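Some notes on the structure that comes next.
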Amino acid sequence: MTATDQQSPEAPFTRIRIRTAALVFCGDEVALIRRDRPGAPLYVPPGGNVEDGEDLTAALHRELAEELALDAGVAEGGDLMWVVDQRVTRPGPTPPPRKLHLVYRLHITPEVRATLARQEFDELPDGSHDIGSIEWIDYRATAELAIFPPIGPALAALPDPRAAVADGSLAAVTDDNYTWV
C-alpha cells in the first residue's frame, strides 16, 4: 500500500454545512432557545441544519415547526438579516465543518405567540434529549448574552425590530475569537 492509497484523516472545515435560523419577534421581544451549560446558559435562535437537497426556505419552515410549533405561514417577513461564517474547532472525534448560519427575521402577533412551544427537545446521538427553554427577551438586552452564533451585539444595536440592516455579513466566528461551549 502506498502513501496515496492510505486514507488521510479529514481536515477541519473541508465540509460546508448550512444552518437556517430565525429571529422571531413579537413586538420588541425575540424568541431564543436557552440551553443550560456548565457555568452559564447558552442561547441560540430557533433553527437547524439544512438537510441534503432541502430548499433553504423549506428548511427554515421545518425547523420553526419542530422547535417552536410555528407555522411560518402565519408570520410576517422572512427577510435574510445576517450571514455568519463559522470555522470553530469543537470537541469530539468528527472534524468540524465550516458552517454558514443564515439568520432570517420574522414577526408574529401576541395571539400567535400564545400558541407556541415553551420547550424545545434537541435529540442527542444517544437518543436522549437536550431540553431547551424558549425565552422571549427584549432584543435590546441581547448584547451581553451568550448567543451562538454571536449575533447579540448586532441584534441589540438595531434601532427597532423592523430596521433595515446595512451589512448582512457579520464577522466570521473562528478559534481566534470564540471558544466552543
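The values are calculated or read from the model by the stated rules, or taken from the named source; none is laboratory data. No experiment lies behind these values; they were computed from the predicted model shown. A quick note on method: Cβ atoms are made from the backbone with ideal geometry, for glycine too, and the neighbour counts reach across all protein chains shown. Heads up: the accessible areas ignore ligands, DNA and RNA and are worked out on the full protein's heavy atoms, side chains in. Shrake-Rupley method; radii C 1.70, N 1.55, O 1.52, S 1.80 Å.
Things worth noting here:
- Scalar couplings 3J(HN,Hα) for segment 86-100, obtained by applying the Karplus form with A = 6.51, B = -1.76, C = 1.60 to θ = phi - 60°, are 9, 9, 10, 5, 9, x, x, x, 8, x, x, x, 7, 10, 9 Hz; x denotes Gly and Pro.
- Debye intensity ratio I(q)/I(0), log10, segment 1-107, q values 0.14, 0.15, 0.24 Å⁻¹ (C-alpha model): -0.65, -0.73, -1.35
- Computed over protein heavy atoms with a 1.4 angstrom probe, the accessible surface ordering of 180, 82, 136, largest first, is 180, 136, 82.
- Proximity of backbone amide H atoms, modeled 1.01 Å from N, is registered between residue 15 and 98 at under 5 Å, excluding neighbours fewer than 5 places apart on the same chain.
- Each peptide in 156-162, 89-95, 122-128 gets a packing score, the mean of other Cβ atoms within 10 Å over its residues, and the list from highest to lowest is 156-162, 89-95, 122-128.
- Working value for the chain: equivalent-ellipsoid semi-axes of 30, 18, 17 Å, each the square root of 5 times a Cα gyration tensor eigenvalue, largest first.
- Projecting the Cα atoms of 86, 141, 116 onto the charge dipole of segment 43-181, computed from C-beta unit charges around the Cα centre, puts 141 farthest toward the positive end.
- Cβ-defined net charge surrounding residue 74, 11 Å radius [Lys, Arg +1; Asp, Glu -1]: -2
- Accessible surface, the chain, averaged per residue in Å² (probe 1.4 Å): 55 Å²
- Alpha-carbon Debye profile of segment 127-174, log10 I(q)/I(0) at 0.18, 0.20, 0.33 Å⁻¹: -0.68, -0.78, -1.31
- For residue 54, neighbours were defined as the other residues whose beta-carbon sits under 15 Å from its Cβ, and their charges (Lys and Arg +1, Asp and Glu -1) total -2.
- Relative contact order of the chain, defined on C-alpha pairs under 8 angstrom at six or more residues apart (%): 29 percent
- Summed side-chain charge close to residue 129 - residues other than residue 129 whose Cβ falls under 12 Å, Lys, Arg +1, Asp, Glu -1: -4
- Between 21, 75, 101, the Cα set farthest toward the positive side of the dipole of segment 1-144 (charges on each charged residue's Cβ, about the Cα centre) is that of 101.
- Helical content alone sets the calculated 222 nm signal of the chain at -3000 deg cm²/dmol, taking -39,500 (n - 2.57) per DSSP H segment of four or more residues and averaging over every residue.
- A Cβ-based charge dipole, computed about the Cα centre of the chain with Lys and Arg at +1 and Asp and Glu at -1, lands at about 360 debye.
- Folded to 0 to 90 degrees: helix 56-68 orientation relative to the chain principal axis, Cα: 70 degrees
- Carbon + sulfur, % of accessible area of the chain - ligands and nucleic acids excluded, 1.4 Å: 52 percent
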